[in-house]
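Peer 1: After the structure tokens below, expect a handful of questions from me.
The values are calculated or read from the model by the stated rules, or taken from the named source; none is laboratory data. A quick note: this is a predicted structure, and the numbers were derived from the prediction, not measured. No Cβ is skipped: glycine too gets one built from the backbone with ideal geometry, and neighbour counts run over all protein chains shown. Please note that ligands, DNA and RNA were not included when accessible areas were found on the heavy atoms of the full protein model with its side chains. Shrake-Rupley method; radii C 1.70, N 1.55, O 1.52, S 1.80 Å.
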Amino acid sequence: LPYVEEFKNYSYGSLPLCWADGEGASADSKNNWRIEYSRLYFESVDYYNTTGNSAAILSPIFDLTNEEGARLHIDLMNKYADSITIRLSTDGGQTFPIVLGKGYTNLMNYTRYSFDLTPYVGNPIRVSITGKSSGAEGSFAAINRFEIEKIESCMRPVSLTVQSVGGTSATIQINDTTNATAWQYVCLRQGEYLDTVSTFVDVTTNPFTI
């Protein structure tokens with residue numbers, strides 16, 4: 001991680017490396033997900049794909065064994081296809097018992113959906129995305145970005161500013177973009193090194209005075 005797939009620069013009708021057909025998909029029909037014009041595309045028109053047909057596409061397998069946290073983002077469009085279901089496997093794709101989300105109907109523009117994968121770290125995961133055909137004229141579903149990002153349990157702030165420096169005190173302003181509500185700090189004398197420190201001070205206000 002991180003992993004980003006935008007489905008660009010692939011030949012028409014192909015799949016990205018390590019992606020695979022899942023339950024219900026048929027490689028020799030239109031009941032599948034395939035690359036089309038820089039997107040992963042599911043046909044839902046009855047002329048091409050019988051009403052009620054379902055087909056899943058499987059992401060690569062991601063090893064979250066040593067990750068602290070992760071988040072999945074999918075940019076999804078669904079023009080009148082019946083529904084989309086997003087499932088998760090924690091056994092490397094053998095089973096998909098976890099439903100991350102379902103429905104996602106009548107999305108005329110790409111919409112981002114995000115899912116916290118942190119409860120499933122320590123496992124090899126795989127994502128299954130299932131489209132169901134409605135048969136409606138002009139209907140389809142598509143994905144143009146699939147991303148899994150790392151989430152670290154203790155993120156480093158962007159920077160800090162020292163203000164109101166006095167003989168025995170100073171005010172510290174933390175510049176943080178992670179929406180954190182608690183921090184730890186330590187003060188070192190000139191020439192000291194962080195690896196010699198075993199105790200940090202917890203603060204829950206920003207700015208704070210030391």
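Peer 1: Scanning the range 164-186 for residues that are open to solvent by 80 Å² or more (accessible area, probe 1.4 Å) and within 29 Å of I151 (Cβ to Cβ), which turns out modelled with the highest pLDDT? Spell out the reasoning first.
Peer 2: At the first step, the residues of the range 164-186 found to be open to solvent by 80 Å² or more (accessible area, probe 1.4 Å) are 164-165, 167-168, 177, 179, 181, 184.
Going one step further and asking which of them are within 29 Å of I151 (Cβ to Cβ), we end up with 177, 179, 181, 184.
Values: T177: 74, N179: 70, T181: 80, Q184: 83.
Of everything passing the filter in the range 164-186, Q184 is modelled with the highest pLDDT.
Peer 1: Being open to solvent by 30 Å² or more (accessible area, probe 1.4 Å), of a type in the set (V, I, T) and at pLDDT 95 or above: is that true of I74 here?
Peer 2: On the way: open to solvent by 30 Å² or more (accessible area, probe 1.4 Å): no; of a type in the set (V, I, T): yes; at pLDDT 95 or above: yes.
The answer is no for I74.
Peer 1: Something else about it: Which ones in the range 11-55 are over 21 Å from V127 (Cβ atoms) and of a type outside the set (V, I, T)?
Peer 2: First, the residues of the range 11-55 that are over 21 Å from V127 (Cβ atoms): 11-13, 28-30, 37, 45-52.
Answer for the range 11-55, where residues must be over 21 Å from V127 (Cβ atoms) and of a type outside the set (V, I, T): S11, Y12, G13, D28, S29, K30, Y37, D46, Y47, Y48, N49, G52.
Peer 1: Filter the range 40-67 down to residues that are within 20 Å of the chain's Cα centre (by Cα) and in a loop (DSSP other than H, G, I, E, B) and give me whichever is surrounded by the fewest Cβ atoms within 10 Å (Cβ to Cβ).
Peer 2: Quick first cut of the range 40-67, residues within 20 Å of the chain's Cα centre (by Cα) only: 40-41, 56-67.
Retained after the next criterion (residues that are in a loop (DSSP other than H, G, I, E, B)): 59-61, 64-67.
On the way: S59: 24, P60: 17, I61: 15, L64: 20, T65: 9, N66: 7, E67: 20.
Of everything passing the filter in the range 40-67, N66 is surrounded by the fewest Cβ atoms within 10 Å (Cβ to Cβ).
Peer 1: Of all residues in the range 89-106, count the ones that are of a type in the set (D, E) and assigned to a strand (DSSP E or B). If you could, list the steps in order and put the result at the bottom.
Peer 2: We begin by selecting, within the range 89-106, every residue of a type in the set (D, E); these are 91.
Remaining after also requiring assigned to a strand (DSSP E or B): none.
Of the residues in the range 89-106, 0 are of a type in the set (D, E) and assigned to a strand (DSSP E or B).
Peer 1: Could I ask something else about it? Any residue at all in the range 143-159 that's surrounded by 12 or more Cβ atoms within 10 Å (Cβ to Cβ) and at pLDDT below 85? Please lay out each step first, then the result.
Peer 2: Pass one, the range 143-159, residues surrounded by 12 or more Cβ atoms within 10 Å (Cβ to Cβ): 143-151, 155, 157.
Those still in the list that are at pLDDT below 85 too: 155, 157.
So far as the range 143-159 goes, yes, one or more of its residues are surrounded by 12 or more Cβ atoms within 10 Å (Cβ to Cβ) and at pLDDT below 85.
Peer 1: Tell me the residue from T90, T95, T85 that is without any contact (Cβ under 8 Å) to a residue 12 or more places away in the chain, closer than 18 Å to T130 by Cβ and not charged (D, E, K, R), please. I'd like the intermediate steps shown before the answer.
Peer 2: Values: T90 fails: without any contact (Cβ under 8 Å) to a residue 12 or more places away in the chain; T85 fails: without any contact (Cβ under 8 Å) to a residue 12 or more places away in the chain.
Exactly one of T90, T95, T85 is without any contact (Cβ under 8 Å) to a residue 12 or more places away in the chain, closer than 18 Å to T130 by Cβ and not charged (D, E, K, R), namely T95.
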